[in-house]
1. Surrounded by fewer than 21 Cβ atoms within 10 Å (Cβ to Cβ), in contact (Cβ under 8 Å) with a residue 60 or more places away in the chain and in contact with a Pro (Cβ under 6 Å, 6 or more places away or on another chain) - does that describe any residue in the range 241-251?
2. Go through the range 182-231 and report how many residues are under 19 Å from Asp131 (Cβ atoms) and charged (D, E, K, R).
3. Looking only at the range 185-211, how many residues end up being of a type outside the set (Val, Ile, Thr), outside any loop (DSSP other than H, G, I, E, B) and surrounded by fewer than 19 Cβ atoms within 10 Å (Cβ to Cβ)?
4. Suppose we filter Arg292, Arg314 for residues that are outside any helix (DSSP H, G or I), surrounded by 13 or more Cβ atoms within 10 Å (Cβ to Cβ) and basic (Lys, Arg); which single one remains?
5. Among the residues of the range 279-291, is there at least one that is polar (S, T, N, Q), farther than 20 Å from Ile68 by Cα and touching a Pro at 6+ places or on another chain (Cβ under 9 Å)?
Amino acid sequence: MPGIWSRHPKYFIFVLVVLGTTFYLLNPLSPEPQFKRLSFPYDLELPGRLERAETIYKKLLDDRRGLIKKFGPTPADVQMFPADKDPWPAYTVWDFFPAAYNCPHDIQRLGALGDGGKWVCGITRIENKQDCVVYSFGINHESSFEAEILANTNHCEIWGYDFTVHSFGPQITKSQEHRTHFYPYKLGGSNKPAVGDEPAMFTLSSLMKTNGHSHIDILKVDIESWEFETLTTLIKSYTSAGLPLPFGQLQLEIHAWNKSFEEFLSWWEMLEDAGLRPFWTEPNLVYQNYNRGATVDLAEYSFLNVKGDNVFIRDPPRTSAERKHDV
């Protein structure tokens, strides 16, 4: 050994470093890594993909609690949009609510690339669905989203509601009109008749009952901040009865005007408890462009309902022809 050391000192040191590193990595007493890696098989069936997405989302809930503690330490202490001054906290309200749930299907933007388009999880799941039902609240002369749903499905029918206009937008063609139904009603947390210039208001449950529907595949809501009252009433009516929400997914524009973080968090956690998981989000930069200097308090979210029984989280029963083909 002394001969090797004297003739090749650099080689000897290299060998010692390699051996030391090997023993350290193989040592069972080595410290655990700070973050545990999530390990999943690659080819999962739908239930496995949903389970994996839920595991990832639960980590987000832990991260949110940590962020609240860091900038709070309680929800009442967290600001929606902190002022640009020292000490400068690097967050806005949207950083607490990222769209961290993985859609288990294809994700596609339907409608205009500007204002009006929405992100949908698994449009192919309803491409040939015979009883496909879509509700759209908030039209405002822009129906590119609804038009593309009709173009990408064979049987979906759309019920549209907006008391500020008289019909769907011009994007819906004559050949598509037979699958649409429009009413100038207002969506709200209670039923109220039309009085003077004030339009009639209905709850979602009332409209579904009138239309003879027990489910909605896709629900789009853009009702200028009324979403807080409306969804609160809707969700509590179902959860208090022990029932799942009656829709498969929700495309929602959130208008966080005049809300405290504590109020917003409580409302958002109600959505989560009911089974809604956000899989896509984007700020409304069109609104921001025309209201420069204002906070970014409008954001589009797309949610998947992971509770109950809907086509996006349950595979339909196999037909006899499909079972015969397997044999």
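All of the numbers you see were taken from the coordinates with simple rules; none came from a lab. The model shown is predicted, which means the values in this text are computed figures rather than measured ones. Cβ atoms come from the backbone with ideal geometry, glycine included; neighbour counts cover every protein chain shown.
1. Within the range 241-251 (the criterion being surrounded by fewer than 21 Cβ atoms within 10 Å (Cβ to Cβ), in contact (Cβ under 8 Å) with a residue 60 or more places away in the chain and in contact with a Pro (Cβ under 6 Å, 6 or more places away or on another chain)), the answer is no, since none of the residues qualifies.
2. Residues of the range 182-231 that are under 19 Å from Asp131 (Cβ atoms), as a first pass: 204-205, 207-220.
Filter again for charged (D, E, K, R), leaving 209, 217, 220.
The qualifying residues number 3.
3. So the answer is 6.
4. On the way: Arg292 fails: surrounded by 13 or more Cβ atoms within 10 Å (Cβ to Cβ).
Going through Arg292, Arg314 in turn, just one is outside any helix (DSSP H, G or I), surrounded by 13 or more Cβ atoms within 10 Å (Cβ to Cβ) and basic (Lys, Arg): Arg314.
5. yes
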